[in-house]
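Everything below concerns the one structure shown next.
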Amino acid sequence: MSEWKQGKLSEIATIIMGQSPQGETCNNNAIGMPLLNGPTEFSTKYPIAVQFTTDAKRTSYNNDILFCVRGSTTGKMNWSDIEYALGRGLAAIRHKKGILYQYFLRGIIDYNLPILLASATGSTFPNISRTQLEELDILIPSLNEQKGISEILGNIDDKIDLLHRQNKTLEKLAETLFRQWFVEEAEDSWEVKKVKEVCSTITKGTTPTTLGKQFKETGINFIKAESLTDIGGFIPNKFAFIDTETNELLKRSKIQKGDILISIAGTIGRIAYVTEEILPANTNQAIGIMRANQTIISPYFLYCLFNTSEIRNDFEGRVVHAVQPNLSLGEIGDIEFKLPPNEILKFGIENISNLFNKKEKNSNQILTLTQLRDTLLPKLMSGEVRVENI
């Protein structure tokens, strides 16, 4: 640790706080520079802008860290892959020595995020100022060690990103094949079924009022809507954890391999296929659980069905907009679709299953790599583990 010194984040990082452009300069027609207003535009690694502006006030550069500084999602991060205009909810952060050190910078922010969030101001939602970021106390190793740490974390992150992109491709291919065989080529003679007629279970999770006190540092995975991705998977670092006793208390909402989860409150329509690597697991009341009756239908069929534009539009028409949007289990169960004859069903699902098996292997690797990164991060950032020893 002799080469490490106490310092401030401002010693190694340049911080650019966002500033929202005038409303009349913003558009959805790709005119001007892509504009980011907050983490609603974030994905697994890079953002997807939906707005543009002809009057960018503050901008990010390629490879900058995009850091949310306002609201309930304060601390959420993505990478800037191009130049973006930044609204006031975001900051761009870059290492003063260049992109070779960016993953070290991301790691040191991740490691100290609880301290940043504890210092955030605001009575309802937290806010982090430029000063709070700049004055963050950190341990600073030599540039060589910063670069080494950056390479380690960058390699893990790049591999995770590659697997996510492969899964997105596999997902799209499965959806395309499903649509061709079971939607576009569907025949009038096929039997019309309701979702509830092909499910052995349609239920939802449970959230006891005392559950907040029962969350643990580790244990059985507890899944919320924010734990689901937009590409049919899970975000492991968004899981909460419960103990075995609580899991038994929530017996109704234990999930199984092959279950289809769908977010039914707040953010509607995020769908995930449950694989072995996240089990045992439980979920809360914002998540619906669909369990296919496999004597009738494959869970892969049900998952692909829920991802078709027709069913998603059906979801939208059934949503009740109250204090927060919600979709009832009864409405999901009443959704109708055409079920093909067994020989057609068997042929299609056999081919789609091969794609899902590959996706599941990738998901296992993602989980392993994410856990590796989460284990290494505090050891690397505290100097407990040195780069030369890895």
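Residues checked against (1) closer than 21 Å to K76 by Cα; (2) not assigned by TED's automatic domain parsing to the domain that holds C304:
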position	(1), (2)
I108	yes, yes
N112	yes, yes
S129	yes, yes
L133	yes, yes
Q146	no, yes
D161	yes, yes
Q166	no, yes
A186	no, no
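Residues that are at pLDDT 85 or above and polar (S, T, N, Q) were ranked within the stretch 198-245; the one that is nearest to the chain's Cα centre (by Cα) is S227. Of K361, K346, all but one fail to be within 30 Å of I149 (Cα to Cα) and surrounded by fewer than 18 Cβ atoms within 10 Å (Cβ to Cβ); the exception is K361. Pairing each residue of the stretch 335-350 that is in the same structural domain as F306 (by TED's automatic domain parsing) with any residue that is of a type in the set (K, R), provided the two are 6+ apart or on different chains, yields C-beta distances under 6 Å for E336/K194; L339/K193.
Taken together, the residues in the stretch 44-69 that are of a type in the set (D, E, K, R) and crowded, with 22+ Cβ neighbours inside 10 Å amount to 1. When L355, L380 are checked against the criterion of being outside the structural domain of F301 (by TED's automatic domain parsing) and within 19 Å of N237 (Cα to Cα), L380 stands alone in meeting it. If the condition is being charged (D, E, K, R) and touching a Lys or Arg at 6+ places or on another chain (Cβ under 9 Å), then the stretch 249-296 contributes R252, D259, E276.
Here's a check for you: in the stretch 112-137, which residue that is over 21 Å from I12 (Cβ atoms) and loosely packed, with under 11 Cβ neighbours inside 10 Å is modelled with the highest pLDDT? Checking each candidate, the answer is A118.
The single condition from (1) modelled with pLDDT of 90 or more; (2) surrounded by 15 or more Cβ atoms within 10 Å (Cβ to Cβ); (3) within 27 Å of I109 (Cβ to Cβ); (4) among the hydroxyl-bearing types (S, T, Y) that T368 fails is (2).
The values are calculated or read from the model by the stated rules, or taken from the named source; none is laboratory data. For clarity, every value in this text was computed on a predicted model and none was experimentally measured. Counting neighbours? That spans all protein chains shown, and the Cβs are built from the backbone with ideal geometry, glycine included.
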